Amino acid sequence: MSPSRSCAPPVARLTRTQGALALAFVVSGIVHLVRPQVFEQIVPRRLPAPRTLVHVSGVAELACAVGLTYAPTRRLAGLASAALLVAVFPANIQMACSAHRAGGAGRRVITLARLPLQLPLIQAALRAGRPDAAA
């Protein structure tokens, strides 16, 4: 192999949206794996095996983060990130319902305000997956 050729993977510079989403998924994914009990209580009660679901979602978040940082997988990672955000929306609803029943006023406001913010996050994930994603 000639010295001018590189074995490095193709990495295109990240936009702010891609970088912010990747960072958010890394942080959240790590917390899901290290402190799953924090998230177990917001898994909708109808779903089985809350700890397993929390671990699976944590791994999915980490996979999305890695995918967003690697140019050849960025499109798929953007779609997967949007799908993940849709998939965890019921947990956000469960959190808001639980806060409404047992939380203080501040917690109620925060959990309710978070619900409509999911849509811009989904849109950002879809934008992040576009090859021509703007900063």
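The values are calculated or read from the model by the stated rules, or taken from the named source; none is laboratory data. On a predicted model such as this, the values are computed, not experimentally measured, just so you know. Because the Cβ atoms are built from the backbone with ideal geometry, glycine has one as well, and the counts that use them run over all protein chains shown.
Working only within segment 89-118, note down all residues that are among the hydrophobic types (A, V, I, L, M, F, W, C) and more than 17 Å from the chain's Cα centre (by Cα). So that I can check it myself, show each step before the final result.
Start the filter on segment 89-118 by keeping residues that are among the hydrophobic types (A, V, I, L, M, F, W, C), which leaves 89, 91, 93, 95-97, 99, 102, 105, 109-110, 112-113, 115, 117.
Within segment 89-118, Ala96, Cys97, Ala99, Ala102, Ala105, Val109, Ile110, Leu112, Ala113 meet the criteria.
When Asp132 is tested against (1) surrounded by fewer than 18 Cβ atoms within 10 Å (Cβ to Cβ); (2) of a type outside the set (Phe, Trp, Tyr); (3) modelled with pLDDT of 90 or more, exactly one condition is not met: (3). The set of residues in segment 40-63 being assigned to a loop (DSSP other than H, G, I, E, B), in contact with a Ser or Thr (Cβ under 8 Å, 6 or more places away or on another chain) and closer than 25 Å to Leu126 by Cβ consists of Ile42 alone.
Looking at Arg108, Arg101, just one residue is of a type in the set (Lys, Arg) and more than 17 Å from Pro44 (Cα to Cα), and that residue is Arg108. Taken as a whole, segment 60-72 holds no residue that is touching a residue at least 60 places away in the same chain (Cβ under 8 Å), crowded, with 20+ Cβ neighbours inside 10 Å and not hydrophobic (A, V, I, L, M, F, W, C).
Regarding segment 74-81, can at least one residue be identified that is in contact with a Cys (Cβ under 7 Å, 6 or more places away or on another chain) and free of Cβ contacts under 8 Å to residues at least 40 places away in the same chain? Break it down stepwise before answering.
Here is the first cut: in segment 74-81, the residues in contact with a Cys (Cβ under 7 Å, 6 or more places away or on another chain) are 77, 80-81.
Narrowing further to those that are free of Cβ contacts under 8 Å to residues at least 40 places away in the same chain: 80.
Yes: segment 74-81 contains one or more residues that are in contact with a Cys (Cβ under 7 Å, 6 or more places away or on another chain) and free of Cβ contacts under 8 Å to residues at least 40 places away in the same chain.
The number of residues in segment 10-39 being in a helix (DSSP H, G or I), loosely packed, with under 14 Cβ neighbours inside 10 Å and not β-branched (Val, Ile, Thr) comes to 2. Say whether the condition of being in contact with a Lys or Arg (Cβ under 9 Å, 6 or more places away or on another chain) and not charged (D, E, K, R) is met by at least one residue in segment 44-55. No: zero hits.
Among residues of segment 94-119 that are on the phi > 0 side of the Ramachandran plot and modelled with pLDDT of 85 or more, none has a beta-carbon under 7 Å from a residue that is of a type in the set (Ser, Thr, Tyr) and assigned to a helix (DSSP H, G or I) at least six positions away or on a different chain. Taken over segment 7-36, the criterion of being closer than 22 Å to Gln118 by Cα, of a type in the set (Val, Ile, Thr) and at pLDDT 95 or above is satisfied by Val26, Val27, Ile30, Val31.
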